[in-house]
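Have a look at the structure below before the remarks.
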Amino acid sequence: MADSDTTAPKGFLAELRDAVSTRAALLVIGVFVIELAFIVSYLGAFHSPAPHRIPVAVVAPAPVRGQVVGRLNALPGDPVRARTATDRAEARRLILRRTVDAAVVINPSGTTDTLLVASAGGPSVAQTAGQIAQDVERANGRTVRVTDIRPPHPADGRGLSSFYLVIGLIVGGYVASSALAMSHGARPANVHRTTIRLGSLALLSIASGLGGAIIVDPVFGALPGHFGALWGIGALTTFTAAAVGMALQVLFGQLGVGLALLVFVVLGNPSAGGVYPSSLLPPFWSAIGQALPTGAATTLVRNTVYFNGNGTALAWWVLSAWAAGGLLVSYAASVRGRRALGTAA
């Protein structure tokens, strides 16, 4: 009689509750939300890139300089933001210092002008600037010759090695923090364990930075000549992702893993300026890109390798701030948890 009771069918709803717990159902729903957010973010950023206020310098004779700048700034859709430069040498400096993305040099003695670009800073924006210049010059009965003053290294393809390097480092950082959380719990029990966990992530970050530098420099030769700098940037990038991932897990438990994906992958990757620079992205992605670790690290790597570290101050501050925030939140949560345990005792 007892055997028959234990084997009696429970009914569909009871079986469903046994097969899929509430916690598992919530996790699946969370995955579903992240999946849709991923699709929306990437399509929203990349489905229709359009230029918006690309910074451009203009070199022209004094009598027509203001007119050229005015015509460029009055183009429909506001595709460029033009400013003047005194001569070709200053225009080159502005590009290499990452103050502008391109420069138009007007030829006063002929009908062929020059557009200076640096495609290492983003081939897409260089091509777009060239197309805009050709359209404007054609409308005025002139032609333009494009001169690339800083192309990517031959092994760097379309200048995307910086972006791919950063993606790998970021993924390594937050996945490592997630692995530690799954092994020993998302919330460290005390400050000592927090220190040990963060110390382990720091060691991994140093190794990750070294591995990434080896791959992009001596192995593939994609970003040569800056091995030490790339090692340091790689270590900081990985540790930033790891510290932020740990902080999110300390605050929100397993939900923190999904939030890390949201920050680094769903929002961070399409807005980073890897595939399309910020001047070609829609306003939302353009606004957040350089404020997130992925975008800041991409700019840091690219400008260090190709532009002597110009235009990297903000990127250093952004990465450092995220890393410091992750540390502070993790330690604060550990101290709070220890006090809560003491009160309970």
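At a glance:
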item	result
Residue among Leu201, Leu223 that is open to solvent by less than 50 Å² (accessible area, probe 1.4 Å) and more than 23 Å from Val263 (Cβ to Cβ)	Leu223
Inter-residue pairs, beta-carbon under 8 Å, first touching a residue at least 12 places away in the same chain (Cβ under 8 Å) and polar (S, T, N, Q) and in region 92-111, second open to solvent by 30 Å² or more (accessible area, probe 1.4 Å) and in a strand (DSSP E or B), 6+ apart	Thr111/Thr143
So Thr298, is it at pLDDT 95 or above, in contact with a Phe, Trp or Tyr (Cβ under 7 Å, 6 or more places away or on another chain), open to solvent by less than 50 Å² (accessible area, probe 1.4 Å) and closer than 27 Å to Val80 by Cβ	yes
Whichever residue in region 104-121 is among the aliphatic types (A, V, I, L, M) and more than 24 Å from Val275 (Cβ to Cβ) and, among such residues, is nearest to the chain's Cα centre (by Cα)	Val104
Verdict on Gln134 being among the polar types (S, T, N, Q), without any contact (Cβ under 8 Å) to a residue 24 or more places away in the chain and more than 22 Å from Gly295 (Cβ to Cβ)	yes
Condition check for Ala243: closer than 17 Å to Ser320 by Cβ and open to solvent by 10 Å² or more (accessible area, probe 1.4 Å)	no
Boolean, Ile196 is part of a helix (DSSP H, G or I) and either within 19 Å of Gly253 (Cβ to Cβ) or modelled with pLDDT of 95 or more (or both)	no
Residues that are surrounded by 19 or more Cβ atoms within 10 Å (Cβ to Cβ) and of a type in the set (A, V, I, L, M), drawn from region 301-320	Val301, Val305, Ala315, Val318, Leu319
First in region 267-292 and touching a residue at least 12 places away in the same chain (Cβ under 8 Å), second anywhere and hydroxyl-bearing (Ser, Thr, Tyr) and part of a loop (DSSP other than H, G, I, E, B), Cβ under 9 Å, 6 or more apart	Pro270/Tyr276; Pro282/Ser48; Trp285/Tyr276
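The values are calculated or read from the model by the stated rules, or taken from the named source; none is laboratory data. Just so we're clear, the structure is a prediction, and the values are computed from it rather than from any experiment. Please note: Cβ atoms are built from the backbone with ideal geometry, for glycine as well, and neighbour counts cover all protein chains shown. Ligands, DNA and RNA are excluded from the accessible area calculation, which covers all protein heavy atoms including side chains. Shrake-Rupley method; radii C 1.70, N 1.55, O 1.52, S 1.80 Å.
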